[in-house]
Amino acid sequence: MKRGMMTATGALALMVAAAALTGVQAQEIRLLAGDTGTGGALFEEMAKSFEEANPGVDVVVEEVSYQTIVESLPVQLEAGEGPDIAIITDLGGLSRFYLDITDYVDADYFEKEWGQTLAWLRGGRDTDAIFGMPTTLTVNGAYVNLTLFEQAGVPVPEEGATWQEWAEATRQVAEATGTDFAMEMDRSGHRFASLAISYGAELVDEEGKPVVDDGLRAAIEQFVEWHENGTMPMDLWGAVGGSTHRELFSDFLNANVVLYFGGSWTLAQMDTEVGDLFDWAVMPAPCGPSSCTVMPGGGAMTAFAHTEHPELAGKLINHFAQPENLDFYISNEVEIPSAASQIANGVEYPDASERTKEALATFTAQIPKMADAAYRFQGWRYQRAMMNALTTRISQVLNNELDVDGALERIEEDVNLAIEAAEGQS
Amino acid sequence: MSAGTQFAAAAGAVVALPARLVEPVMYGLQRLLGIRRMPWVFLLPNLVAVILFALLPVFINVFYSVSGSDRLFPWDRPLVGGANYATLFDCDNFLDPSTCSRDLFWRALGNSLVFVPVQVTAMILIALLTAICLNRDIRARGFFRGIFFFPVMLSPVVVALTWQWILQRNGALNGLISSAGLTPVNWLVFPNTAFFWSVFVTVWAHMGFYTIILLAGLQAIPRDVYEAARMDSATPWRVFTRITLPLLKPVLLVVFILAVIRSVQTFDELYVLTGGGPGSATMLMVQYIFEVGFASQPRNFGLAAAASLLLGVALLIFTGIQMRISRSGRDD
Amino acid sequence: MTEASMTKTDMSVSAFLMRRRGRGRFHWTDGLTYAYLLLGLVVMFVPVLWVVVSSFKTPANLAEFPPTILPFSAETAVVEGFDEPLPLFDVVGEDGETVRLAQIRRVGIQAQMIDPADPEAGRIVVPVENATPVRRVYLAFENYTNLLASSGNQIWRYVFNSLFITVVATVITLVMNSMAAFALSKYRFRGSNVALVSILATLMIPATVVLVPTYMIVAQLGLVGNLWGVILPTVATPTGVFLLRQYMLTIPDELIEAARMDHASEWRIFWRIILPLSSPALAVVAIFSILSRWNDFLLPLVVLNRRESYTLQLALASFQTEYGIQYEILLAMTTLTALPLACAFIFLQRYITTGIASTGIK
């Protein structure tokens, strides 16, 4: 009994000691990466040469769930906690926590490569400061099951086809082949914004105020009609409430839907899971009455103002931004490059399949077609507030809790309230 | 040696050494303060924890509710007075949520007002029926008791993912239905079915706990009471309503209060299962508070805090009424 | 309905409702009871079983509708000239004979096949509806090995973190709650009611609602990313104090008086007399503390911001990424996190349920 007691106490003491052991080294830089794609592995590899060049510096790359980046990281930053560097996707919303790294990087080079995206990181502030490095560019887009088109004998709409033409064509295909649904779209305000902007919605004006216009109304009406006539299933936008993100890409993987509107980040999954099951392709952006726009997106690597080693953090970002590291990263991550020179010269993807390379080319070809409104929306500090309002309110319209007018009114009110609340006037 | 004392011995062993160090300290304190102040010494650690991690957060919430901005620290937040409350109560017609500025708050409140009575009633009826069945002289009693208790041990996330996996369009339930030749139903797409399943899943996950408590209550009723009733040849239904139920009343009351409090606090399971949908059909109060104050960007701590305080007041009023009813019941 | 039949139903209903440990013949109400309990068995247990079985399915098998009961995988064959093994199909030819062919590629309603025994014969085009895949029961353990491989040795870190939090928080809860319960049940002093009510009132505060202020306090204490930041906010459970106090009220005061006569210190009375006598209630509080600490999600999600401090539940949630749910890994992880509890439950089942019962909420 006595020995048991001793062991138990000893074990407890050990556990306490182990938990207390959080080795804090002299110069440790913590980098937080979401676990999508290759996660942090590539950065870890690229950091090695930086560590060699700067003895005594230890770069710790931590992979966390994407949810942590979106939900927990902002609260942590608010409390002055969190990593030194992170790869984030809410570029504008977190703006006030960023460290100004202009002095530690080659500012001209950054401006030349990422001019437009650097503005997203400024969150509407009037400054030329550099707050980080955009890592990848993602593009929303439509995946189409070509085999189903072939079997139905319906011609695949050409580049420049409108959303309505696509809806019509996919409906015919679905009918002819007994496929469950014609079109699906991720339950995400970001995906919906692609449709809305191509229908002429501004979403945000130059002053950073929300815009609810006829374009948005037309897009919502169109969207509701598709759900009512069965073009789109209720599972995604109808069944879930609030701002919850949902996707059903498995429907496309299993050929249950003819067209799936998602984004460039699922390419790798297409390669491994669809394989030879059916022919597929990424289509050029469907057009609306206003433009043929899809939303851009993507991550950026930023350092935070609370870091104890601002110079090191800035230099590390500069290190990752060097051309050879950029090329290494993009070609291994199989993503669309974000730097101007890479877009211009193209990037090699040695390990990707032919289909994936074609799809990447199609995605990249959409970038010059993007409307100004899309860029402005992407860089808006209150983009997430607008996107949450869009998903919440559209779901309510689909469930007859609101009419379209009511939804538009609420969307504007929601965003204005969020802005007021954030600025402390309430 | 029963499992209970074994457990106590094991737990005791883990804390034995620190306890040996504590004893002289406590004895010293007793000499210093006198026996009359000792209860406060015993209370102190728990009270400190309660104050620091339960009462203080509530007070911070009170402050949040009268201040604005998305800043976390109270000293960074400007006072805005009753603006957050005014926003919540900004309604043209209180009976129609869609006329309110924060219609989702009122919808969530309405949903909670339906969900809580339905879920608690279903929970208590099913738990009582199960307890009565388990109280009979049946085979494999321990096994069945265990089966009903098992889901209580699962984490809410696991519970929700399990049922989502079963209820989805291509899930097991629809597989079963279509192999029986019926048309599959997309369960989580329709407000009514989604509401039904959110009640079902939460009852499924928690009923075992209440069953065990009610079972204990049933077993505590002395047998001779029944014997006496049988002598008087009272009809058995009468025995149930006149003897079993009244004797079970104190236990039922505890079960009822616990079930209501936990029902009002329902969040994790439904957040993963339905996300509050379709539309806002299964969005309950706590989820609304979570979405406004945590999941949205920028976070509106002020509005969330105001909503949570209103929820707290509602719960307090409920408990007060409950206490009064049970007290007046005792006077009969 | 006649008077007589009324009494009869009445009788049976009552017999059902109040019979305890009845003796004698098998009554139809027994049948009803067993029917209800078996239904309960199906409803309560089959969903869990379904998740466990599904966790052994391959992604392709998981995507099938209607789902298969047992995990299946396609039988494959290595055919000359192809790098990958090809899936086998039983194909009904035009003459009605069945041949076993290997599929090279499927395009919609047609498939290109090849005879594995005679690859020289060339490709055969087969309508998909004539081909049925050759399958066998296959347990996809790779779901588990992939999971362990992808998290590397980290998984043991998560297990350790979960265990550490659970054990330490439970021990602290037991000591603190029982000290408070002792004070509130065995002493009469001014303010005891205020203390009791203020502890019990915290029962009404949903943890979700005070998440942000709690996080702020944890941050101010410098405990973000530290396992103690999850342990400390959860130790003062109101139910623990309540249950223990109710139980201690039933312990006769004479024991304490006698001990005081023997000059035992108050702490000694508590530690040597009251605590051992309260072991059934302590066990119940321990069980609930273990369950809720093991399953905790929201607070750890915010507080534990380093991967090395993740708990199993956080790791489980991280498989549900924005870009899609990897069901095969998620199901495997679900099974893994619930497994320790299931094992503990099998051993402690009788004890857990009788323990709760013996506490007797009075």
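Any read-out appearing in this document is the output of simple, stated calculations on the displayed coordinates, not a laboratory observation. Quick caveat: nothing in here was measured; it's all calculated off a predicted structure. Every residue, glycine as well, gets a Cβ built from its backbone with ideal geometry; the counts of neighbours run over all protein chains shown.
Worth a mention:
- Pairwise Cα inverse-distance average, inverted: Kirkwood Rh of region A:108-195 (Å): 16.4
- Among the chymotrypsin sites (Phe, Trp or Tyr not before Pro) found in region C:62-137, those both in a DSSP coil and sparsely packed, with 15 or fewer other Cβ atoms within 10 Å of their Cβ, are C:82.
- In range of the label at residue A:214: residues from region A:257-289 whose backbone nitrogen is under 19 Å from the point 7 Å along Cα→Cβ: A:288-289
- Sum of -39500 (n - 2.57) over DSSP H runs of 4+, divided by residues of chain B (222 nm, nearest 500): -22500 deg cm²/dmol
- The order of C:148, C:86, going from fewest to most other C-beta atoms within 10 Å of their C-beta, is C:148, C:86.
- Of the residues C:332, B:94, C:169, the one whose Cα sits farthest toward the positive end of the charge dipole of the protein assembly as shown, with +1 on the Cβ of Lys and Arg and -1 on the Cβ of Asp and Glu, is C:169.
- Distance between the modelled labels on residue C:132 and residue C:258, one decimal in nanometres: 7.7 nm (7 Å Cα→Cβ projection).
- Along its first, second and third principal axes, ordered by size, region C:70-140 spans 34, 27, 23 Å in Cα coordinates.
- Rounded to the nearest whole angstrom, the semi-axes of the ellipsoid equivalent to chain B, taken from the Cα gyration tensor as √(5λ), stand at 37, 35, 23, largest first.
- Taking other residues whose beta carbon is less than 12 angstrom from the beta carbon of residue A:420, and scoring Lys, Arg as +1 and Asp, Glu as -1, yields -3.
- Scattering curve values for region B:81-156, log₁₀ I(q)/I(0), Debye with Cα scatterers, q = 0.11, 0.12, 0.13, 0.24 Å⁻¹: -0.54, -0.59, -0.63, -1.07
- Of the GluC sites (Glu not before Pro) in region A:71-178, the ones in a loop by DSSP (not H, G, I, E or B) with at most 14 other beta carbons within 10 Å are A:158, A:159.
- Positive-end residue of A:300, B:264, A:259, charge dipole of the protein assembly as shown with Cβ unit charges: B:264
- Size descriptor, Kirkwood hydrodynamic radius, that averages inverse alpha-carbon separations across the protein assembly as shown, Å: 32.3
- Of the cross-linked pairs A:48/C:57; A:112/A:209; A:112/A:357; A:209/A:369, those separated by over 31 Å at the C-alpha level are A:48/C:57.
- If you wrap region C:37-190 in the convex hull of its Cα atoms and look at it from every side, the mean projected area works out to 18.0 nm².
- With the simple model of a label 7 Å out from the Cα in the direction of the Cβ, residue B:180 to residue C:94 spans 4.4 nm.
- Scanning chain B for DSSP H helices at least 24 Å long along the axis (C-alpha atoms) with a Kyte-Doolittle mean no lower than 0.5 picks out B:3-33, B:103-135, B:191-219, B:245-264, B:301-331.
- Positive-pole candidate from C:285, C:185, C:261, dipole of region C:156-300, charges at beta carbon: C:285
- Shown here is the pair-distance distribution of region A:205-270: with all Cα-Cα distances grouped in 5 Å bins from zero up to the longest one, the shares run 3, 12, 17, 20, 20, 14, 8, 4, 1 percent.
- Stokes-Einstein D for region B:137-199, Kirkwood Rh over Cα pairs, 10 °C, 1.306 mPa s (µm²/s): 116
- Nearest-20 debye value, chain A charge dipole, Cβ charges on Lys, Arg, Asp, Glu: 960
- Residue with peak Gaussian network fluctuation, chain A [Cα springs, cutoff 10 Å], from A:47, A:176, A:303: A:176
- Dipole magnitude of region C:76-133, debye to nearest 20 (Cβ charges: Lys/Arg +1, Asp/Glu -1, about Cα centre): 260
- Unmatched cysteines, chain B - criterion: no other Cβ of a Cys under 4.7 angstrom: B:133
- Loop-located trypsin sites (Lys or Arg not before Pro) in region B:122-163 (DSSP state not H, G, I, E or B) with no more than 16 neighbouring Cβ atoms inside 10 Å: B:139.
- Going from the residue with the fewest nearby Cβ atoms within 10 Å to the one with the most, C:268, B:230, C:293 rank B:230, C:268, C:293.
- Rounded to the nearest 20 debye, the dipole magnitude of the protein assembly as shown is 8520 debye, with +1 charges on Lys and Arg beta carbons, -1 on Asp and Glu beta carbons, and the Cα centre as origin.
- Neighbour-count order for A:216, A:360, fewest beta carbons within 10 angstrom listed first: A:360, A:216
- Every pair of different Cα atoms in region B:102-299 enters the Kirkwood calculation, which places the hydrodynamic radius at 18.9 Å.
- Positive minus negative residues near residue A:96 (Lys, Arg vs Asp, Glu; Cβ under 13 Å): -2
- Note: region C:145-359, Cα convex hull, 154 Å³ per residue.
- Point-to-point label distance, residue B:95-residue B:238, nm (Cα→Cβ direction, 7 Å offset): 4.6
- Calculated diffusion of chain A, Stokes-Einstein form, Kirkwood radius summed over Cα pairs, 10 °C and 1.306 mPa s, µm²/s: 69
- Label point of residue A:129 set 7 angstrom out along Cα-Cβ; within region A:282-307, amide nitrogens under 13 Å from it belong to A:303-307.
- Here is how the number arises for chain A: DSSP H runs of 4 or more residues each give -39500 (n - 2.57), the sum is divided by the residue count, and the result at 222 nm is -14500 deg cm²/dmol.
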